[in-house]
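In what follows, a single structure is set out as structure tokens and then discussed.
The values are calculated or read from the model by the stated rules, or taken from the named source; none is laboratory data. Predicted model, so just to flag it, every value in this text is computed and none were measured. Here Cβ is always computed from backbone atoms with ideal geometry, including for glycine, and neighbour counts include all displayed protein chains. Surface areas here come from the heavy atoms of the whole protein model, side chains and all, with no ligands, DNA or RNA. Shrake-Rupley method; radii C 1.70, N 1.55, O 1.52, S 1.80 Å.
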Amino acid sequence: MRLAVIPARGGSKRIPRKNIKLFGGKPMIAWSIEAALRSGRFDQVVVSTDDAEIADVARAYGATVPFVRPADLSNDHAGTIPVIQHAIDWFVQHGQTPDTVCCIYATAPFVQHEDLQRGLDSLLLH
């Protein structure tokens, strides 16, 4: 299974609610979700969040939110790698072992589906 994980916690301090603030007419996170889906390279596009409103927005744009990220991975000190590992572990525990995992930040509105396609294609060739 090819998995795209978009980390998006609710507690941003510098720009409150940044993951769902409107940017170019849609929530910031929508750009990353749409690029991942449009790339056609992932079996699952998952948003890892601790926030119900972010989860609702993510689902509205086509991502899945199969779990709530635990509090110890949702604070100012939580790193990206443990957040991605948590998502992988969740899928493994539920009988789906990802063979390829891509982290796409929620605040990357300029990511293009073609970039994701080329990146994954390059990774799989090597």
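Expressed as a whole percent, the accessible surface of the stretch 5-99 that belongs to carbon and sulfur atoms is 53, based on a 1.4 Å probe. Label sites at ARG38 and ASP56, each approximated as a point 7 angstrom past Cα along Cα to Cβ, lie 2.6 nm apart.
Using heavy atoms of the protein chains and a probe of 1.4 Å, the accessible area assigned to SER48 is about 0 Å².
Quick one: Cα centre-to-centre distance for the stretch 51-85 and the stretch 16-43, in angstrom? The stretch 51-85 and the stretch 16-43 have Cα centres separated by 14 Å.
Each label was represented as a point 7 Å from its Cα along the Cα-to-Cβ direction; for CYS103 and LYS21 these points are 2.2 nm apart.
If you sort ARG59, ARG38, ARG17 by accessible surface, 1.4 Å probe, largest first, the order is ARG38, ARG59, ARG17. In the context of the full set of protein chains, the chain has a per residue accessible area of 55 Å² (1.4 Å probe).
The three principal axes of the Cα atoms in the stretch 21-82 give end-to-end lengths of 31, 27, 18 Å, sorted in falling order. Relative to the current alpha-carbon distance between VAL68 and PHE110, full extension at 0.36 nm per residue lengthens the span by 12.5 nm. By a 1.4 Å probe calculation restricted to protein chains, ARG41 has an accessible surface near 60 Å², given to the nearest 10. Were the residues from LEU125 through ARG14 laid out at 0.36 nm apart, the gain over their Cα-Cα distance would be 36.0 nm.
Ligands, DNA and RNA excluded, the heavy atoms of TRP90 present near 60 Å² of accessible surface to a 1.4 Å solvent probe.
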